[in-house]
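Working notes for the structure below.
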Amino acid sequence: MNNMDDSIRDTLDTILPMVPLRDVVVFPSTTTAILVGRQPSINAVERAIETDKILLVVTQRDPSDNEPGPGDLYLVGTIVRIGIFLRLPDGTLKIMLEGISRVRIDEYIEMDNYLGARVEPLDTIEVMTREVEAVSRKVEAQFEEYVKLNQRIPNEAMLSLQALEDRSTLADTVAAHLQVRNEIKQELLEAADLEERLLMMSSILLEELEMLRLEKNIDDKVTSQVTKNQKELFLHEKMRAIRSELGQGDEADMFEDLEKKIKRARMSKEAQKIVWKELDRLRMMSMMSPEATVVRNYIDTLVALPWKRRTKDNLDINDVKKKLDADHYGLEKVKERILEFLSVVKLAGNLKGPILCFVGPPGVGKTSLGRSIADATGRKFVRISLGGTRDEAEIRGHRRTYIGSMPGRIIQGIKKAGSRNPVFLLDEIDKLSSDFRGDPSSALLEVLDPEQNKHFSDNYLEVDFDVSEVMFITTANVIYSIPPALHDRMEIIRLPGYLLHEKIKIAQKFLLPKQLGQHGIRTDQLTISEATMRDIVRRYTRESGVRNLERELASICRKVAKKLASEEKSGKIRITKKNIESYLGIPKFTESEIDSKLAVGVATGLAWTEAGGEILNIEVTLMPGKGELILTGQLGDVMQESAKIAMSFARNKARMLKLENDIFSTIDVHVHVPEGAIPKDGPSAGIAIGTALISAFFDIPVQRDVAMTGELTLRGKVLPIGGINEKSVAALRAGVKTLLLPKGNEKHIKELPDEVKKKMKIVVVDTIDEVLRNALLKQLEWGVRHRNKIGGFFSDSQPKQAN
């Protein structure tokens, strides 16, 4: 039902003048004052005053629209009666509106100079039930608390509410006082059902009360903190006055000391401007406040940086060469490249050029090379490990807005070095990670770019710092995990694994004297002959570097130290082949990694890992079945594809040589690569798998001292692969006599170590046929005749192993 008197109902048949409202929703039974300034709205008000003072007000959807049309207005408005009205000097009308009833707009009509509308009553449901009474009481209680918490609503609003008995009027009065968005008020105006309107209002009040309580708690905390800070400031000023009277000017001395440090620091003009400004801020603060600590730390960091301090470079190339030779055995090509780099620096007078990146397996001396360069050139040495770094702020620093913020590790390292031109080693750059906090490798792009690092920006400093004089050196185990943009800024220098004779020399010249010194043993108390050292390297270590070798020597020294300390032995202790097991236990490895016995279906491949080169023993066995190919040994997707390609080639080869029987539909082929717990992948084992398969199909053993590497195609071509240097060293270490390499890698043979080229026969191959001629003991035609003679694959007369 709609409580509308007859005089008002009669006006509904006419066109009512309409005023659009920008930022207010007028409810029935409420009084609202508005200002009318737009000319069409003024005309509509004047038309209403001339007639019966009845006016239609409708809220705009967009308050910023100065000329709203029918489509810009809501379809439910309020019929109001104009009470007091006043014309202001600027022509604006100030009018008091008394809300009468809700109406729905049927249509908007353009009049001569204003907008009118035809309306119909909005039938409301105002049945008084127990539920309505309960909700209205709850709304009244909520509104009372709302008024108490909201200081922008006068207390008279609650007093006017208490005098109301009509629940619909109460609901509209509360809605008019709510300080919420117009969209929410419009929903309350359009709610025809009284119970629904009250429930909506209760929900709105509940949300508003939660926000008001939260605001009050925050205000209370802020007020408490401000009071506490004022108290601290007062006490601090009082203490300062007392100290001044006693002649104890601690803070004055502190500021004087900071001023001296700032003048001595010789900062850039930009940094000086900021640091003096921060010092002035610090003077105005209480030294007990947390902000003062932040500012003081910032000033201390700026003055501690080596803005102009640098060490004098020693660029005597001969001295540097002697130092590198004294610290590192071998690595001739690497040392040569370092000397070339330093020669350019000496002649050009600056470091602009590519950043050096040492790439090689663990334990080959990448980090120690960086330290040797620093020692040889007379520069300070700084090393930071990037392994596992995920946060960009580790490189670029935290902004000072954060609690506990600090500069990035680049600035911290330079500060620690105390000079602006140290040798800066970025270790394990291939182990960088990234997550939601940013990508550290992207932050390093600026650091490692000679064109940009003159103006390196650290988030904490907020001023540019010149790092162009820093000699940056990076290290990595692999290249593929380094982002391309970062890789492009670096010159790669590869450090291959050490050969046997190099490891023996390193152990005798560097590792053993170092361990003797660390364990307090004199050189005349322990001797290890060259033959014994060779035995230790071959039987107790298997690595590209010398890290495990150093551990074994440390183990010997500990046991010798125990004997000397307990006086079990006196005089010189000799470690020989006969007593080595009493110090190191039983040997961990055999002399050779390859099996000396000839066997069918076994070939020796080569792999490259982060730890250097490795031997892969490919095993193939045939069994009765349905033509399936079984692959085991944790082979990756690429290696599985290589096995399938090798299988297809072997089947085609058997068909071309007219091997009798439809063999492949009656047998299963099992390919296994031992050490199944270790994942393996890559295409370079293709020819080794193909050779093992053909060996099994034709019952011809593979020569055991032959190793091979290369990718195999379906047409039998052998494609080039990577890691030749590391693989060749691993082959020599394993006792291989003949090494088969792809013809595409022939250009790399010149770069192989001299001992590899001297002790192994290196054969370049272009097709799998060339591989088979060099690897198999007999020709394939013999294998065809042999298979056909014995009548298949699983005859009792078939030899399982050839000796």
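Considering region 33-73, the residues that are of a type in the set (Asp, Glu) and not in a loop (DSSP other than H, G, I, E, B) include one that is nearest to Asp23 (Cα to Cα), namely Asp72. Checking each residue in region 611-647 for being part of a loop (DSSP other than H, G, I, E, B) and within 35 Å of the chain's Cα centre (by Cα) picks out Ala611, Gly633, Gln634, Gly636. One residue stands out among those in region 22-44 that are among the charged types (D, E, K, R) and surrounded by fewer than 17 Cβ atoms within 10 Å (Cβ to Cβ): the one that is farthest from Ile184 (Cα to Cα), which is Arg38. When residues in region 540-562 are screened for being open to solvent by 50 Å² or more (accessible area, probe 1.4 Å) and over 42 Å from the mean Cα position of the chain (by Cα), 3 of them pass. Out of the residues in region 642-657 that are in contact (Cβ under 8 Å) with a residue 24 or more places away in the chain and under 11 Å from Ile689 (Cα atoms), which is most open to solvent (accessible area, probe 1.4 Å)? Result: Ile645.
Across region 494-505, which residue is modelled with the lowest pLDDT among those that are closer than 21 Å to Asp427 by Cβ and open to solvent by 10 Å² or more (accessible area, probe 1.4 Å)? Working first, answer last.
At the first step, the residues of region 494-505 found to be closer than 21 Å to Asp427 by Cβ are 494-498.
Among the residues that remain, those that are also open to solvent by 10 Å² or more (accessible area, probe 1.4 Å) are: 494, 496, 498.
Values: Arg494: 83, Pro496: 75, Tyr498: 79.
Only one residue tops the list, namely Pro496.
Among all positions in region 78-90, there is at least one residue which is open to solvent by 10 Å² or more (accessible area, probe 1.4 Å), of a type in the set (A, V, I, L, M, F, W, C), under 30 Å from Glu126 (Cβ atoms) and free of Cβ contacts under 8 Å to residues at least 24 places away in the same chain.
So if I check each of Leu369, Leu342, Leu347, which one is surrounded by fewer than 17 Cβ atoms within 10 Å (Cβ to Cβ) and part of a helix (DSSP H, G or I)? Walk me through it before giving the result.
Working: Leu369 fails: surrounded by fewer than 17 Cβ atoms within 10 Å (Cβ to Cβ); Leu342 fails: surrounded by fewer than 17 Cβ atoms within 10 Å (Cβ to Cβ).
The conditions single out Leu347.
For region 713-743, what are the residues that are outside any loop (DSSP other than H, G, I, E, B), open to solvent by less than 10 Å² (accessible area, probe 1.4 Å) and more than 15 Å from Tyr498 (Cα to Cα)? Result: Val718, Leu739, Leu740, Leu741, Pro742. Once region 64-74 is narrowed to residues that are surrounded by 13 or more Cβ atoms within 10 Å (Cβ to Cβ) and touching a helix residue (DSSP H, G or I) at 6+ places or on another chain (Cβ under 9 Å), the residue that is farthest from Arg118 (Cα to Cα) is Asp65.
Candidates are the residues of region 316-337 that are buried (at least 16 other Cβ atoms within 10 Å of the Cβ) and aliphatic (A, V, I, L, M); the one that is farthest from the chain's Cα centre (by Cα) is Val320.
Apart from one condition, Glu746 fits all of (1) in a loop (DSSP other than H, G, I, E, B); (2) open to solvent by 30 Å² or more (accessible area, probe 1.4 Å); the exception is (1). In this structure, is Ile521 part of a strand (DSSP E or B), in contact with a helix residue (DSSP H, G or I) (Cβ under 8 Å, 6 or more places away or on another chain) and open to solvent by less than 50 Å² (accessible area, probe 1.4 Å)? For Ile521, the condition - part of a strand (DSSP E or B), in contact with a helix residue (DSSP H, G or I) (Cβ under 8 Å, 6 or more places away or on another chain) and open to solvent by less than 50 Å² (accessible area, probe 1.4 Å) - is not met. Here the condition is being within 21 Å of Ile645 (Cβ to Cβ) and within 39 Å of the chain's Cα centre (by Cα); of Lys747, Lys743, Lys727, Lys717, it holds for Lys727 alone.
Do we have any residue at all in region 259-279 that's outside any helix (DSSP H, G or I) and either touching a Ser or Thr at 6+ places or on another chain (Cβ under 6 Å) or modelled with pLDDT under 80 (or both)? Steps first, please.
Step one: of region 259-279, the residues outside any helix (DSSP H, G or I) are 266-268.
Then drop every residue that is not either touching a Ser or Thr at 6+ places or on another chain (Cβ under 6 Å) or modelled with pLDDT under 80 (or both), which leaves none.
Scanning region 259-279, I find no residue that is outside any helix (DSSP H, G or I) and either touching a Ser or Thr at 6+ places or on another chain (Cβ under 6 Å) or modelled with pLDDT under 80 (or both), so the answer is no.
So is Asp166 over 60 Å from the mean Cα position of the chain (by Cα) and more than 30 Å from Arg38 (Cα to Cα) or not? Here the answer is yes, as Asp166 does meet what is asked.
Are any of the residues in region 461-468 closer than 25 Å to Ser368 by Cα, surrounded by 21 or more Cβ atoms within 10 Å (Cβ to Cβ) and of a type in the set (Phe, Trp, Tyr)?
At the first step, the residues of region 461-468 found to be closer than 25 Å to Ser368 by Cα are 467-468.
Checking which are surrounded by 21 or more Cβ atoms within 10 Å (Cβ to Cβ) leaves us with 467.
Checking the rest, the ones that are also of a type in the set (Phe, Trp, Tyr) come to none.
Within region 461-468 (the criterion being closer than 25 Å to Ser368 by Cα, surrounded by 21 or more Cβ atoms within 10 Å (Cβ to Cβ) and of a type in the set (Phe, Trp, Tyr)), the answer is no, since none of the residues qualifies.
Can you pull out the residues in region 381-407 that are in contact with a strand residue (DSSP E or B) (Cβ under 8 Å, 6 or more places away or on another chain), in a loop (DSSP other than H, G, I, E, B) and crowded, with 19+ Cβ neighbours inside 10 Å? Once the filter is applied, which keeps residues that are in contact with a strand residue (DSSP E or B) (Cβ under 8 Å, 6 or more places away or on another chain), in a loop (DSSP other than H, G, I, E, B) and crowded, with 19+ Cβ neighbours inside 10 Å, region 381-407 yields Leu386, Glu392.
Count of region 698-710 residues, restricted to those that are surrounded by fewer than 24 Cβ atoms within 10 Å (Cβ to Cβ) and more than 22 Å from Lys761 (Cβ to Cβ), is 1.
Against the numbered list (1) touching a residue at least 60 places away in the same chain (Cβ under 8 Å); (2) in contact with a strand residue (DSSP E or B) (Cβ under 7 Å, 6 or more places away or on another chain); (3) crowded, with 17+ Cβ neighbours inside 10 Å, Glu446 comes up short only at (1). Candidates are the residues of region 343-365 that are in contact with a Ser or Thr (Cβ under 6 Å, 6 or more places away or on another chain) and modelled with pLDDT of 85 or more; the one that is farthest from Asp449 (Cα to Cα) is Phe358.
Based on this model, can you work out whether Glu530 counts as modelled with pLDDT under 85 and either over 23 Å from Ile384 (Cα atoms) or touching an Asp or Glu at 6+ places or on another chain (Cβ under 7 Å) (or both)? It is false that Glu530 is modelled with pLDDT under 85 and either over 23 Å from Ile384 (Cα atoms) or touching an Asp or Glu at 6+ places or on another chain (Cβ under 7 Å) (or both).
Ala374 falls short on exactly one of the conditions (1) surrounded by 15 or more Cβ atoms within 10 Å (Cβ to Cβ); (2) assigned to a loop (DSSP other than H, G, I, E, B), and that condition is (2).
Summed over region 123-165, residues that are open to solvent by less than 70 Å² (accessible area, probe 1.4 Å), of a type in the set (S, T, N, Q) and free of Cβ contacts under 8 Å to residues at least 40 places away in the same chain total 1.
Tell me the residue from Ser684, Ser695 that is out of contact with any helix residue (DSSP H, G or I) (no Cβ under 7 Å at 6 or more places or on another chain), closer than 24 Å to Met623 by Cα and buried (at least 16 other Cβ atoms within 10 Å of the Cβ), please.
On the way: Ser684 fails: closer than 24 Å to Met623 by Cα.
None of the other options fit; the residue is Ser695.
Of all residues in region 749-777, those satisfying the criterion of being open to solvent by 40 Å² or more (accessible area, probe 1.4 Å) and in a helix (DSSP H, G or I) are Lys750, Glu751, Asp754, Lys757, Lys758, Lys759, Asp769, Glu770, Arg773, Asn774. Residue count for region 684-712, restricted to those that are among the small types (Gly, Ala, Ser) and either in contact with a Cys (Cβ under 7 Å, 6 or more places away or on another chain) or assigned to a helix (DSSP H, G or I) (or both): 6.
The values are calculated or read from the model by the stated rules, or taken from the named source; none is laboratory data. Just so it is clear, the structure is predicted and the values come from calculations on it, not from any experiment. Here Cβ is always computed from backbone atoms with ideal geometry, including for glycine, and neighbour counts include all displayed protein chains. These area figures cover heavy atoms from the full protein model, side chains too; ligands, DNA and RNA do not enter into them. Shrake-Rupley method; radii C 1.70, N 1.55, O 1.52, S 1.80 Å.
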